[in-house]
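**Student:** Before we start, here is the structure in question, set down as structure tokens.
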Amino acid sequence: MSRIGKLPIAVPAGVTVNIAGETVTVKGPKGELKRSLPAEMIIKQEGTNLTVTRPSDAKKHRAFHGLTRTLLANMVQGVSKGFEKNLEIVGVGFRAEKTGDKLMLRIGFSHQVEVKPMPGITLAVEGTTKIKVSGINKEDVGEQAAEIRALHAPDHYKGKGIRYTGEKIKLKPGKAGKVVGRK
């Protein structure tokens, strides 16, 4: 039995779950999410808990069991608390500013880079070097943060670029041949 799949999902107050066949709709204070889940999985709502069970021990059903439970838990958490990813910009002259709903980045190119948020995603700038990506859909938040990071990924020699807050970059040593052995 899947350890993750058999855990119940607690539905907080203010969140409603509607199960119609394979389509699950979750409404909460932050918004509404709708998703089509595997039809084989059995989703039951008992009071304030959601449970996911599988019909057999077939390999396909075992694979979908934990996935279905995790997707449901992310939907419930998204409409109640939301998700966020934090990025930081490292480099001399590198900075971010918000104009309207767009994000303008100066990250070492000859031009500013403009980032438009995906639907349902909000971008915020704290100071000039910290970016906060938030929304109710965990997949969209992660994708938007990854797209921003990919604009100028951290350099492994100087450490400049856009990185996740708390991400450790292992810096490589530069060429040693110039310094050692010359007179």
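The values are calculated or read from the model by the stated rules, or taken from the named source; none is laboratory data. In this text, all values refer to a predicted model and were calculated from it rather than measured experimentally. FYI the Cβ positions are ideal-geometry reconstructions off the backbone, even for glycines, and counts take in every protein chain you see.
**Student:** Just to be sure, is residue 51 surrounded by 15 or more Cβ atoms within 10 Å (Cβ to Cβ) and in contact with a Pro (Cβ under 7 Å, 6 or more places away or on another chain)?
**Tutor:** Criteria met by residue 51.
**Student:** Give the number of residues within the stretch 125-139 that are loosely packed, with under 14 Cβ neighbours inside 10 Å and not charged (D, E, K, R).
**Tutor:** 2
**Student:** Taking only the stretch 128-143 into account, find how many residues are without any contact (Cβ under 8 Å) to a residue 40 or more places away in the chain and closer than 12 Å to residue 103 by Cα.
**Tutor:** Residues flagged as without any contact (Cβ under 8 Å) to a residue 40 or more places away in the chain and closer than 12 Å to residue 103 by Cα within the stretch 128-143 amount to 1.
**Student:** So residue 169 clears everything in (1) in contact with a Leu (Cβ under 7 Å, 6 or more places away or on another chain); (2) modelled with pLDDT under 95; (3) surrounded by 15 or more Cβ atoms within 10 Å (Cβ to Cβ) except one condition, right? Which one?
**Tutor:** (1)
**Student:** If you don't mind, there's one more thing I want to ask. Being of a type outside the set (Ser, Thr, Tyr) and under 9 Å from residue 38 (Cβ atoms) is the filter here; which residues of the stretch 66-80 pass it?
**Tutor:** The one that is of a type outside the set (Ser, Thr, Tyr) and under 9 Å from residue 38 (Cβ atoms): 67.
**Student:** Could you please tell me which pairs satisfy a Cβ distance under 6 Å, a separation of 6+ or placement on different chains, a first residue in the stretch 11-30 that is assigned by TED's automatic domain parsing to the domain that holds residue 68 and loosely packed, with under 13 Cβ neighbours inside 10 Å, and a second residue that is at pLDDT 95 or above and part of a loop (DSSP other than H, G, I, E, B)?
**Tutor:** 14/29
**Student:** Being within 16 Å of the chain's Cα centre (by Cα), of a type in the set (Phe, Trp, Tyr) and under 25 Å from residue 10 (Cβ atoms): is that true of residue 83 here?
**Tutor:** yes
**Student:** Next question. From 162, 148, grab the single residue that is among the hydrophobic types (A, V, I, L, M, F, W, C), within 26 Å of residue 75 (Cα to Cα), at pLDDT 95 or above and not in a loop (DSSP other than H, G, I, E, B).
**Tutor:** 148
**Student:** Between 102, 59, which is in contact with an Asp or Glu (Cβ under 7 Å, 6 or more places away or on another chain), at pLDDT 90 or above and among the basic types (Lys, Arg)?
**Tutor:** Matching residue, one of 102, 59: 102.
**Student:** Can I ask one more? Can you tell me which residue within the stretch 106-141, out of those that are assigned to a helix (DSSP H, G or I) and among the charged types (D, E, K, R), is farthest from residue 77 (Cα to Cα)?
**Tutor:** Among those residues, the one meeting the criterion is 140.
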